[in-house]
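Student: After the structure tokens below, expect a handful of questions from me.
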Amino acid sequence: EIVKALIEKYPYEEGSDQFHYLLINHYIDEEDYEQATLESDLFLTTYPGSQWAPTVQFQKGAAQLATHQGVPYDPTPLNDARKSFQDYLENNPNGDRTQEAKERLSEIDEKRAQKDFEVADFYRRTGHPDSARVYFEMVMRRYPNTSWSQRAQAELEALK
């Protein structure tokens, strides 16, 4: 709380960005991912040119991903995390965590594809083949590089 108050009072002093970075890490260590995300947004707005900015951008995506409760739940954290990792890759194409960001994007796409696949499967099981077909096709179109795309294609074949 003291560090946060000092950063708020003296945001542009030498080392303020490093202290803000350490504050974000504290929230992550405490698994307070929502606060870590809020502080990351503030950091990236206040210190866009900081040496810590790429790491904070990555951590923001990781914190957002950590708030996702699972496939049956609200996909907003997945969508937010996806945007953060895409921003990281766009701003840091040769960054230290580029490969890890790409892996996280693939993980997110797998989860998003699973959610849409499960919607399609629900429609199939409840006797709505046209609706199921729309969702299975959407999985294949939006997430072609996922395991769910192959499963969706098999289900489409079975619906014919």
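Student: Top to bottom by accessible area (1.4 Å), largest first, where do THR55, THR98 land?
Tutor: From most exposed to least exposed: THR55, THR98.
Student: Can you give me the solvent accessible area of GLU34 with a 1.4 Å probe, rounded to the nearest 10 Å²?
Tutor: GLU34 has an accessible surface of roughly 140 Å² with all protein chains in place.
Student: Right, something else. List, in order, the whole-Hz ³J(HN,Hα) value for each residue of the stretch 142-157 obtained from phi through the Karplus relation with A = 6.51, B = -1.76, C = 1.60 and θ = phi - 60°; use x for Gly and Pro.
Tutor: Those phi angles translate into 7, 10, x, 9, 10, 5, 6, 5, 5, 5, 5, 5, 5, 5, 5, 4 Hz.
Student: Which order do you get for ILE28, ILE7 if you rank them by accessible area with a 1.4 Å probe, largest at the top?
Tutor: In descending accessible area the options line up as ILE28, ILE7.
Student: Then there's this: Ignoring ligands, DNA and RNA, what accessible area per residue does the stretch 72-151 give at 1.4 Å, in Å²?
Tutor: Accessible surface, normalised per residue, equals 62 Å².
Student: Roughly speaking, to the nearest percent, how much of the stretch 28-160's 1.4 Å accessible area is carbon and sulfur?
Tutor: Whole-percent figure for carbon plus sulfur exposure: 44.
Student: Can you give me the solvent accessible area of GLU118 with a 1.4 Å probe, rounded to the nearest 10 Å²?
Tutor: Accessible surface of GLU118 is approximately 80 Å².
Student: Please work out the average accessible area per residue across the stretch 1-43, using the 1.4 Å probe convention, and give it in Å².
Tutor: Here the per-residue accessible area is 70 Å².
Student: Compute from the Cα atoms of the chain the Rg and the Dmax, the latter being the longest Cα-Cα distance, and quote both in angstrom.
Tutor: 19.8, 66
The values are calculated or read from the model by the stated rules, or taken from the named source; none is laboratory data. Worth saying up front: this structure is predicted, and the values here are computed from it rather than measured. For the accessible areas, the whole protein counts, side chains as well, though only heavy atoms, and no ligand, DNA or RNA atoms are used. Shrake-Rupley method; radii C 1.70, N 1.55, O 1.52, S 1.80 Å.
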